[in-house]
Amino acid sequence: MENISHPRTAPPLIFNYMSEGNKPNQEAWWQPALIMFARLSAWIAAPIIIALYLGKWLDRKFSSAPWLFLLCVGTAFLVSMVGLVRNTLAEYKKIERLSKKK
C-alpha cells in the first residue's frame, strides 16, 4: 500500500447550512422546528412524569389507591393540554407575523 499524503479536509456535515448562504451566527433552517418540538414534547412528558410520582406517593401516604394517582394524572393531562394549546397558538402567531414581514 502506498502512503499518499492528502491535505486534511473537513468531513461533510449532515446539515450543511453554510452552503445555503447563511451567515455563521445565523440559526439553521431546522433549528426553530427542533426547539418547538422539544418545547411541545416537554409539555407532554413533564407533567405526566411528575403526576406519576406524586400520585404514587400520595396513594402510599394516604392509603387511597388508585384515586389520588388518577386525580394527579387527570390534572397533569389538563395541564399538558393547556400548555400545548397556548404554545401552539403562540407559534402560529409567530409564523403569521414572520410571513407578513416577507
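What to note about this one:
- Rg over Rh, two decimals, segment 40-101 (C-alpha only, Kirkwood Rh): 1.27
- Residue order for Glu91, Glu96, Glu27, fewest other beta carbons within 10 angstrom first, comes to Glu96, Glu27, Glu91.
- Taking Lys and Arg as +1 and Asp and Glu as -1, the other residues whose beta-carbon sits under 13 Å from that of Pro66 total +1.
- Contour minus Cα-Cα distance for Leu71 and Ala90 (0.36 nm per residue): 4.0 nm
- Net charge contributed by nearby residues that have their C-beta within less than 15 Å of Lys102 (K/R +1, D/E -1): +3
Readers should treat all values here as calculations from the given coordinates under stated rules, not as data from a laboratory. Everything quoted here is computed from the prediction, not taken from an experiment. Reconstructed Cβ throughout: ideal geometry from the backbone, glycine too, with neighbour counts over all protein chains shown.
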